[in-house]
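Beneath this line is the structure, given in structure tokens, with notes to follow.
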Protein chains: 6
Amino acid sequence: METTRGFLVGRFQPFHSGHRQLVADIAGEVDELVIGIGSADASHTVHNPFTAGERLVMISKVLTDVDLQTYVVPLEDIDRNAVWVSHVESMCPPFDVVYSNNPLVIRLFNEADYEVRDSAMIDRDRLRGTLIREDIVDGESWTDRVPPAVVETIEEIDGVARLRRIADSDAHED
Amino acid sequence: METTRGFLVGRFQPFHSGHRQLVADIAGEVDELVIGIGSADASHTVHNPFTAGERLVMISKVLTDVDLQTYVVPLEDIDRNAVWVSHVESMCPPFDVVYSNNPLVIRLFNEADYEVRDSAMIDRDRLRGTLIREDIVDGESWTDRVPPAVVETIEEIDGVARLRRIADSDAHED
Amino acid sequence: METTRGFLVGRFQPFHSGHRQLVADIAGEVDELVIGIGSADASHTVHNPFTAGERLVMISKVLTDVDLQTYVVPLEDIDRNAVWVSHVESMCPPFDVVYSNNPLVIRLFNEADYEVRDSAMIDRDRLRGTLIREDIVDGESWTDRVPPAVVETIEEIDGVARLRRIADSDAHED
Amino acid sequence: METTRGFLVGRFQPFHSGHRQLVADIAGEVDELVIGIGSADASHTVHNPFTAGERLVMISKVLTDVDLQTYVVPLEDIDRNAVWVSHVESMCPPFDVVYSNNPLVIRLFNEADYEVRDSAMIDRDRLRGTLIREDIVDGESWTDRVPPAVVETIEEIDGVARLRRIADSDAHED
Amino acid sequence: METTRGFLVGRFQPFHSGHRQLVADIAGEVDELVIGIGSADASHTVHNPFTAGERLVMISKVLTDVDLQTYVVPLEDIDRNAVWVSHVESMCPPFDVVYSNNPLVIRLFNEADYEVRDSAMIDRDRLRGTLIREDIVDGESWTDRVPPAVVETIEEIDGVARLRRIADSDAHED
Amino acid sequence: METTRGFLVGRFQPFHSGHRQLVADIAGEVDELVIGIGSADASHTVHNPFTAGERLVMISKVLTDVDLQTYVVPLEDIDRNAVWVSHVESMCPPFDVVYSNNPLVIRLFNEADYEVRDSAMIDRDRLRGTLIREDIVDGESWTDRVPPAVVETIEEIDGVARLRRIADSDAHED
């Protein structure tokens, strides 16, 4: 029997419990999963605070207890939508089915004749990268919405201080 | 007598009836016209839904019945205004006069000592790329504002579905 | 009946009589032809002396007497073979068959499931870009190996002097 | 005794009296100062109207009467925060202490173990690049907020007309 | 006790038995190993025939029977040696010691104050990427010099035909 | 009376006594001189061992005793000859006359209608970057062919060891 390999792409800023659940769900459908870390070249911004390496550590730690062969691949932005699917294909092991809820990603893979499955995530009122980053900046509670290994990684890199510093743009303009 | 060659640049997302009329007007002033397709490397965004190749097809089809020698040249963005005119010059046949209503384009060619003629377009309440793209997304009527060959091209590439899909950013954030 | 559109890519440094003959041959097989000007961003080197705009002028002038609908499209290098076919597709009207004798081009289009036809050129002892450029630099005869419109274009841009100057690298090292 | 060299980075659009005062203050703390012109590749936008060369002229003229050895270095954007400090280090003479009030710059140099001193600027209600550019566009008075040599440079390059032209985006959309 | 993490970078075109042995040797010295796939954006050339994704598959398959936690990370070229170490750091989990026999890599990590250990490979008369690629092109035996999983991967992607085709540059010049 | 400003561009790997003499000669012809450091983004290669910052230090130290207002400007490569002059113009103060013995530089500035004066350097059998770099690698004498401040800078950055290390490519191929 053939191996079925899935592809899931996200920025994972940070990898939160919704992502964790999604991978667990996908594990029931595929034999192997390629996880693409999008915008891998971005970091130290409010929208993309963590480097690809930091995100790779988060994901690897979290997935140690998921029973699924995974490949975690940083994907630098190529800023040209028309070649993005080819870019992904050249960086990753070949895959059969794409998981995404991003309209652009869905459209690009559809135009390239891939099967795309909707990757609806749970609890979107709480589990959303934007909300979690805002709550980190604002000093609200957030650690209950990401896996423990993610809290640990963010602490090791002093990530809360980083996010708060770069979010403070009041004095920025020269 | 010398040939006079004009240069007209736009993103043409899509090429609409205002562009068609403008080219017809310019045809009375020059012998040949270079049409630069700006942001040629952009596609699959709400602002730039169509690839350069798709736009090239639209323009070529529409201009078959215009009595003017034209050169249609995709121009990738170079993201550095100070060298943009040189970039255009290197990609196009040489031209004598520039047609534009874009303030930046006008300024850059003025600083490079080109003659720039105002390319006022007709019927700007209806014939404007932004409005037409919005109406495509919203399901409003739009086909009466672009030449028939453009409607045809957009249908062939399933362009309406593309625009609607990528405009749906609700589920986007991870 | 469907239109068949071919794709021919080359650097055309310069467009010579072998290219001219090849297009004439292809004209018997397709209804329309997309001619991609490769390395469009290169110029002013011994290997790539002419800009894309200058090459576009050469080709357009030569093809006025070929009875074939052509699209001449400058293609900037993207320096990443794995996405090059997607890059070409995004810049050009869609095409059905590729003409090339370049092993890399053949391989890349084969891997993308295109039909590739061998585009054997005539008289390869004389009609070869490298030889013609060398003869221009060395002051040998060359004008009988390119169409008259190409001689004319090279004269208009003072191309012989350009090639000789940049070929003189003796004093180059600082 | 060791030479202490400081590093100050800004976009200097334009170099105003607050920058002039800041350099004078720093002159009391260091022996030499590297002044990095950020976003050196940007120009002809409302946010970055002046080229790096134009800004270099402004700064050089203003600093002729400051008793401090300075190095003025254009720094092109590298669009990847994680390597930006290395980029700066490769383009500049080595430095011991960084002056900045930009949160991102402060954070990046902190993570690279540099000493960063706060470079609070005076009179921020009046002396701020954004405000000065807006007042130039709006025809308000502005020449009393930049050193005379900056007024002179902006006049020489017809900078007021440039800013007003590119700020006029009404007719922009095609 | 602290985890020690090593970093090994190569182009792995292809991953051969010398690489396999090297990883086994390193496994005795570190707890975890980051394997960087250099020139990840290159493919389809004689020097770099395989995509990063294809190399990632080779390496992952081979390392399934090595008792070592590994992270395999594609690293696109950044073409600027002075920022390359920062680039690597941003893409990878943090590491303590670098394994390399590449003089440039050794020098760059030395200048960044990393410990670099010599990664002498065995049997360099036979186990060398260049030699193996040449023998593939020339039809010589090569399958005994790479792990079985690499032979299998190259067969799956029709890699021998690819290498031979792109090595045939006789007809290349236009 | 108008100020005359010259422009001299080189890679200065390293800045040697021939460059020093050339600047002294030019000092008799112009009021100010812009010195462009070419390939500013290159370093740590045999051809370009020193960073732009290191070269800037060399040049600044050497020129302290030349009675000429100079501007030293790192110029990153733009890899597109047709826009290179515009790139230089955007990064530098405006200049009236170009000094170069590089055929490509001469041609590009000629096509842009600049006056170019030949910058013949003295003693080319000894004073040539390539020769000096080779002699550094080979352990031959070289310090008598560069100004003392350059010897000093190269020592401070451990430049001899860097050059020798990166020149040792024997073990390089993986």
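The values are calculated or read from the model by the stated rules, or taken from the named source; none is laboratory data. All values derive from a computational prediction rather than experimental measurement. Heads up, the Cβs are rebuilt from the backbone with ideal geometry, glycines too, and the neighbour counts pull from every protein chain shown. Quick note on the areas: whole protein, heavy atoms, side chains included, nothing else; ligands and nucleic acids left out. Shrake-Rupley method; radii C 1.70, N 1.55, O 1.52, S 1.80 Å.
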Just the number, please: carbon plus sulfur as a percent of the accessible area of the protein assembly as shown, 1.4 Å probe, no ligands or DNA/RNA counted. 43
Chain D accessible area per residue, 1.4 Å probe, protein heavy atoms, integer Å², reads 39
Shielding of C:87-98 by partner chains, average beta-carbon count, 10 Å: 5
Under 28 Å Cα-Cα from C:Lys61, which lysines qualify once same-chain neighbours fewer than 8 residues away are excluded? B:Lys61
Per principal axis, descending, Cα span of the range E:1-48 in whole Å: 45, 21, 7
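Using a 10 Å cut-off on Cβ to Cβ distances, tally the other chain neighbours for every residue of C:53-60 and report the average as a whole number. Please report the intermediate quantities before stating the final value.
Working: counts 12, 5, 0, 6, 4, 1, 0, 4.
If you average over the peptide's residues, the count of other-chain Cβ atoms is 4.
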List the accessible area buried at the contact between F and C, summed over both sides and calculated with a 1.4 Å probe, in Å² to the nearest 100. 1600
Can you give me the orientation-averaged projected area of the convex hull built on the Cα atoms of the range A:86-159, in nm²? 6.9
Quick one: which residues, 5 or more positions from D:Ser100 or on another chain, have an amide H under 5 Å from its amide H? H modelled 1.01 Å from N in the peptide plane, none for Pro or chain starts. D:Arg117, D:Ser119
Dipole magnitude of chain C, debye to nearest 20 (Cβ charges: Lys/Arg +1, Asp/Glu -1, about Cα centre): 80
Of A:Phe109, A:Phe12, A:Phe50, which is the most mobile in a GNM of chain A whose springs link Cα atoms less than 10 angstrom apart? A:Phe109
Relative contact order for chain E: what percent, with Cα pairs under 8 Å and sequence separation of 6 or more? 29
Share of pairwise Cα separations in the protein assembly as shown, more than 43 Å, in percent: 41
In square angstrom, rounded to the nearest 10, how much accessible surface does D:Asp118 have for a 1.4 Å probe? 110
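Evaluate 2.2 N^0.38 Å with N set to the residue count of chain B, then give the Cα radius of gyration divided by it.
Values: Rg = 16.4 Å, N = 174, 2.2 N^0.38 = 15.6 Å.
So the Cα radius of gyration is 1.05 times the expected 2.2 N^0.38 Å.
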Gaussian network model of chain E, Cα within-10 Å springs - most flexible of E:Pro93, E:Pro14, E:Pro103: E:Pro103
Quick one: putting +1 on the C-beta of Lys and Arg, -1 on the C-beta of Asp and Glu, what dipole do you get for the range F:82-174 around its Cα centre, in Debye to the nearest 20? 220
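Taking the Cα centre of the protein assembly as shown as origin, work out the dipole magnitude from +1 charges on Lys and Arg Cβ and -1 charges on Asp and Glu Cβ, in debye rounded to 20.
Dipole of the protein assembly as shown, to the nearest 20 debye: 0 debye.
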Order the following by accessible area, largest value first: F:Glu140, A:Glu32. Probe radius 1.4 Å; ligands, DNA and RNA are ignored. F:Glu140, A:Glu32
With a sphere of radius 12 Å drawn around the Cβ of D:Asp158, what net charge do the other residues whose Cβ falls strictly inside it have (Lys, Arg +1; Asp, Glu -1)? 0
A convex hull over the alpha carbons of the range E:1-96 yields, per residue, a volume in Å³ of 96
In Hz, Karplus ³J(HN,Hα) per residue of the range B:49-57 (6.51, -1.76, 1.60; θ = phi - 60°; x = Gly, Pro): x, 9, 6, 4, x, 5, 5, 4, 4
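So for F:Tyr71, B:Tyr99, what's the accessible-area order with a 1.4 Å probe, most first?
Working: F:Tyr71 25, B:Tyr99 5 Å².
Greatest to least solvent exposure: F:Tyr71, B:Tyr99.
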Using the Karplus curve 6.51 cos²θ - 1.76 cosθ + 1.60 with θ = phi - 60°, work out ³J(HN,Hα) for each residue of the range F:151-156 in order, rounded to whole Hz, and write x for Gly and Pro. 4, 4, 5, 5, 5, 4
